[in-house]
Amino acid sequence: MVACFHVFDSMGICFNARVKAESPNNTGLSTKYDSGERKDMRSESSDSKGSSFSTPLTPRSEGEILQSPNLRSFSFADLKMATRDFRPDCLLGEGGFGSVFKGWIDENSLAATKPGTGIVIAVKRLNQDGFQGHREWLAEVNYLGQFYHAHLVKLIGYCLEDEHRLLVYEFMPRGSLENHLFRRGSYFQPLSWSLRLKVALGAAKGLAFLHGAETKVIYRDFKTSNILLDSNYNAKLSDFGLAKDGPTGDKSHVSTRVMGTYGYAAPEYLATGHLSARSDVYSFGVVLLEMLSGRSAIDKNRPSGEQKLVEWAKPYLANKRKVFRVLDNRLEGQYSMEGAFKAATLALRCLSIDSRFRPSMSEVVTTLQQLLDSNDSGSNQNNTNIIHWRRRQSTDDANGGRSTTAYPRPSASPLHA
């Protein structure tokens, strides 16, 4: 299996070198603006407020998909003008499947406007990369063309003209969660504990909405680089190129080629190609763990025993006296140990090897909402004293009751470049 690595730009775009894996019985294993190639491990084939979906997701012809009343069909000339002819200074990011450009359109007519006027958009221009690229482009149009939800990125329209394949999205000014967690620099300040809970809750609501649709939708590529943030840090899921209709009737899963991003895919999916909504729950657990720890799912720069985040962190998550070893040291003093342990316990449940023991995403939403409400109500007063006391207590235990002057804390995540 080939490793997966990422490169980021200042706007939160992720350019992914993806992993493609094959299971013994099946063949095959983003872009938030990211146009990254989706060969990670990827494949082919709630909150109801402000949310809607039109019809059940049944197989439809390409013509039907492209006639979605919710989407605008742009001409290639329109998008050339909106992006100033795809000028380099409008480039937001680029990857294996193409490039993403910043553009401007009129709020009412959606016609191209001068830079700085109208509304800002993100235009993904795909490379001419064969059938797989077109299939993922069409999946994006299919799902985002039917769904509207506060925690799904809005697809405004598309362009299908000759060999050109483009997608037009709302612009998300704070970029991806991935950059805020792992990139260093003045633009990306560490997210606070309360903001991390807010982002986790928003992303969970997006997944819960998909899982609660009349025909369940499995997102299949949930990761920090596919969670975009608006100016108020509201999280929205992006990049639906790998989304797939879930099982129907009494079926527990759908069988498909194993595709996604290494480090996030559920173990049963990797082993068998059996995909279910609980596969998304596992991926959510990985992301929640990344948010709690400030560490990425796979980090080859760490010591051998710490390179795979889930394997390293799991032994600490269930122990209230040791869980702080996993927590991002940049969050010190911002949370109560009770709140941190509840969040860690939730992550551990999502990461259960047996998918039957994972919570549903609606349960995840409920738990995170309670955590956020508790945090906002001031239950984390005097947190610093609580955290320091826990550290001293655990250190004393490790040293036979002898106190020490300092406790080693987890190191910060390295800069991804």
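Throughout, read-outs are computed from the coordinates displayed, never taken from laboratory work. Worth saying up front: this structure is predicted, and the values here are computed from it rather than measured. A quick note on method: Cβ atoms are made from the backbone with ideal geometry, for glycine too, and the neighbour counts reach across all protein chains shown.
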Full-stretch length increase - TYR148, GLN189 - with 0.36 nm per residue and alpha-carbon distance subtracted = 11.7 nm
Given pairs LYS236/LYS322; LYS205/LYS308; LYS80/LYS198; LYS154/LYS216 and cut-off 30 Å on Cα-Cα distance, the over-length ones are LYS236/LYS322; LYS80/LYS198
Modelled label-to-label distance, HIS134 and GLU332, 7 Å Cα→beta-carbon offset: nm?
-> 5.7 nm
Gain upon complete extension [GLN369, ARG321; 0.36 nm per residue less C-alpha separation] = 14.8 nm
With r as the distance between the Cβ atoms of ASP354 and LYS308 and R0 = 25 Å, compute the FRET efficiency 1/(1 + (r/R0)^6) and round to 0.05.
-> 0.85
Evaluated over segment 175-398, the Cα radius of gyration and Dmax, each in Å | 17.3, 55
Want the number for SER255 to SER73: 0.36 nm per residue separation, take away the alpha-carbon distance, what's left?
-> 62.2 nm
